[in-house]
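Right, one structure below, let's go through it.
The values are calculated or read from the model by the stated rules, or taken from the named source; none is laboratory data. From a predicted model like this one, the values you see are computed outputs, not experimental measurements. With ideal geometry, Cβ positions are generated from the backbone for all residues, glycine too; neighbour counts draw on all protein chains shown. With ligands, DNA and RNA removed, areas are computed over all heavy atoms of the protein, side chains included. Shrake-Rupley method; radii C 1.70, N 1.55, O 1.52, S 1.80 Å.
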Amino acid sequence: MIIVEGEARLAPGEIERLAGAMRAQIEATRAERGCLHYSYAQDVLDPQLLQIREIWTDEAALEAHFRSEHMAAFNRAFGQAKIE
C-alpha cells in the first residue's frame with residue numbers, strides 16, 4: 001500500500017475556481033484500478049490550504065495514474081493556479 005499526502009496553499013478564490021477540475025479528477029481517479037482513496041479537502045481554519053490524500057494498492061497503480069489523461073488534464077488546470 002502507498003499513501004500520498006500533501007498540501008498546497010493557493011491564492012484567494014483559486015480553490016473555488018478549480019473546483020470543477022478537482023471534481024473531475026477525483027471521479028476519474030477513484031474509478032482507476034488500484035485506487036483505494038483519493039480526495040482533496042479545504043482546511044476549515046485555513047481556507048486557502050488544500051489538503052491532498054491518496055491511497056494506492058501498489059506502485060504500479062500509482063504509476064498508471066500518473067500516465068492517465070485525466071491526470072494530464074488536471075495538471076494543466078492546476079498548473080495555472082496561483083500558488084502561494
Filtering the stretch 47-64 down to residues that are of a type outside the set (Asp, Glu) and within 11 Å of the chain's Cα centre (by Cα), which residue is farthest from LEU18 (Cα to Cα)? ARG53
Among the residues that make up the stretch 57-66, is at least one of them exposed (fewer than 13 other Cβ atoms within 10 Å of the Cβ) and in contact with a Leu (Cβ under 8 Å, 6 or more places away or on another chain)? no
What are the residues in the stretch 36-46 that are open to solvent by less than 50 Å² (accessible area, probe 1.4 Å) and part of a strand (DSSP E or B), if any? TYR38, SER39, TYR40, ALA41
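Go through the residues of the stretch 5-23 one by one and say whether even a single one is over 27 Å from GLU84 (Cβ atoms) and not aromatic (Phe, Trp, Tyr).
Pass one, the stretch 5-23, residues over 27 Å from GLU84 (Cβ atoms): none.
For the stretch 5-23, residues over 27 Å from GLU84 (Cβ atoms) and not aromatic (Phe, Trp, Tyr): absent.
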Looking only at the stretch 1-30, which residues are exposed (fewer than 11 other Cβ atoms within 10 Å of the Cβ) and either among the basic types (Lys, Arg) or within 14 Å of HIS70 (Cα to Cα) (or both)? GLY20
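Conditions (1) in contact (Cβ under 8 Å) with a residue 12 or more places away in the chain; (2) of a type outside the set (D, E, K, R), marked per residue:
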position: LEU10; (1), (2): yes, yes
position: GLY13; (1), (2): no, yes
position: ALA19; (1), (2): no, yes
position: GLU32; (1), (2): yes, no
position: CYS35; (1), (2): yes, yes
position: ILE52; (1), (2): yes, yes
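From the list ARG33, ARG53, which one is closer than 22 Å to GLU84 by Cα and open to solvent by 40 Å² or more (accessible area, probe 1.4 Å)?
On inspection, the qualifying residue turns out to be ARG53.
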